[in-house]
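Below: the structure, in structure tokens.
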Amino acid sequence: MSLYSDIGGEAAVNAAVDIFYRKVLKDDRIKHFFDGTDMAKQAAKQKAFLAMAFGGPSNYSGADMRKGHAHLVAKGLNDSHFDAVMENLGATLKELNVPANLIAQAAAIAESTRKDVLGK
Amino acid sequence: MPKITYGGQSFECGEHSVLDCLTAQGVSVPHSCRSGVCQTCMMQAVQGSVPREAQVGLKPTLVAQNHFLACVCHPQQDIEIALPKTAIARIEAKVSGIEYLNAEILGVRLKPAQPFSYRAGQFINFFKDETTSRCYSLASVPGLDDDLHLTVRKIPGGLVSGWISGQLKAGDTISISEATGDCFYVPGNPGQNLLLIGTGSGLAPLYGIIRDALKSGHTGRIRLYHGNYNAAGFYLVEELRRLELTYPNFTYVPCVSGEEARPGYAQGIVLDVALADNPSLTGWRVFLCGNPDMVKAAKREVFLSGASVNDIYADPF
């Protein structure tokens, strides 16, 4: 079995996206990065991110991640903000009663994008 | 082997997705995740239907307009497709009536010269001449109203609204576009609660959406909040009060922000009043129309109050 199917596949992504995005928009540390973005488009991106973190379908390359976040890095995106997103991801999965070992696997996948997201 | 037609050319997909097929033929389609998640490669079937799998995760209003994700679409039959919102046709229509609904809002009724398919709440482009046009929302409901009903706010110095209010008269023939937009009611969840928030002429699409929902037998609560700076800005008040009497699940709350509210009106900014009355919006469907700043703030606030992203429909203008 893969992480994606263990965690609940697309249904899990759909359940998680609203909870996760709501946490992000309420988080004073990072919410300003989302000012002026279109909510529906942003939610679709969040879904793509969660699908990837859950070990699901994803075709994002490291270069895509760099390109996609470069404008935010220019605005000061740094490790502390990445940490905040990681926290929100963990809290979301906890809220959905995902077992700790699966949360750890998803967190490791998300963590693996850190350098590319932050343009290091 | 199913064929796909795009931009006048036909291709055979074979085992490939529509996206891969088009890309291989040199057609440029925006795309990103290639796995049916990010929705960048959304296209629209204009002829034929696409498999259900190609529409997973799309808003019901987009599904209703045959939108699909090209990267996960493996057609089972011949289809003709386009990028969304391209190739909008123009149609002639005759002005069947024009009257003031209040000091600055005009009600315009149109009779299209050919069968006109639309959904209450969508908008059309209204052409003054070849190159000058403005978008107006449809307040009429197919099956309830014979004509198309638009509300036009007179903008000081407005090219199109000035022409409509100053020169246009019943009997004139003008050009309009097909109806577009994805802010409309979709049946299928009649018990869901609906919250509708509008400012100024943003009432027009909401008035259509509400009557469309009621016509479809919607049983959940339907709550309309209409905001204006002062009492002179309201219109359709009697019609809405009558709907309230006929349908116990419908409530109408006019909100005044710039002067003291008369009895029957709420005092305050429309978004604040609506959120104070309805603090938890988990499971609600929300429609937001009017002032772009209000719509933008409202999208975020109703989402944070529990409404799901896919249940939020908006039309800023």
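The values are calculated or read from the model by the stated rules, or taken from the named source; none is laboratory data. Just so we're clear, the structure is a prediction, and the values are computed from it rather than from any experiment. As a convention, Cβ positions derive from the backbone with ideal geometry for all residues, glycine included, and neighbour counts pool all protein chains shown.
Remarks
- Complete set of residues in the stretch B:36-52 that are touching a strand residue (DSSP E or B) at 6+ places or on another chain (Cβ under 9 Å) and surrounded by fewer than 18 Cβ atoms within 10 Å (Cβ to Cβ): B:VAL46, B:GLN47, B:GLY48, B:SER49, B:PRO51
- Single match in B:ILE81, B:ILE98, B:ILE105 (criterion: touching a helix residue (DSSP H, G or I) at 6+ places or on another chain (Cβ under 9 Å) and either among the charged types (D, E, K, R) or within 14 Å of B:SER17 (Cβ to Cβ) (or both)): B:ILE81
- Among the candidates B:CYS289, B:CYS255, residue that is more than 29 Å from B:ASP146 (Cβ to Cβ) and touching a helix residue (DSSP H, G or I) at 6+ places or on another chain (Cβ under 8 Å): B:CYS255
- Screening the candidates B:PRO2, B:PRO60 for the property of being within 14 Å of chain A (Cβ to nearest Cβ), over 30 Å from B:GLY166 (Cα atoms) and touching a residue at least 12 places away in the same chain (Cβ under 8 Å) yields one hit, B:PRO60.
- Within the stretch A:94-120, the set of residues being farther than 13 Å from A:GLY55 by Cα and charged (D, E, K, R) comprises A:LYS94, A:GLU95, A:ARG114, A:LYS115, A:ASP116, A:LYS120.
- Filter result for A:PHE82 (within 14 Å of chain B (Cβ to nearest Cβ), hydrophobic (A, V, I, L, M, F, W, C) and either crowded, with 19+ Cβ neighbours inside 10 Å or closer than 18 Å to A:ALA108 by Cβ (or both)): no
- Test result for B:ALA54, small (Gly, Ala, Ser), part of a strand (DSSP E or B), at pLDDT 85 or above and in contact with a Ser or Thr (Cβ under 9 Å, 6 or more places away or on another chain): no
- Looking at B:TYR235, B:TYR225, B:TYR207, just one residue is out of contact with any Lys or Arg (no Cβ under 8 Å at 6 or more places or on another chain), part of a loop (DSSP other than H, G, I, E, B) and buried (at least 23 other Cβ atoms within 10 Å of the Cβ), and that residue is B:TYR235.
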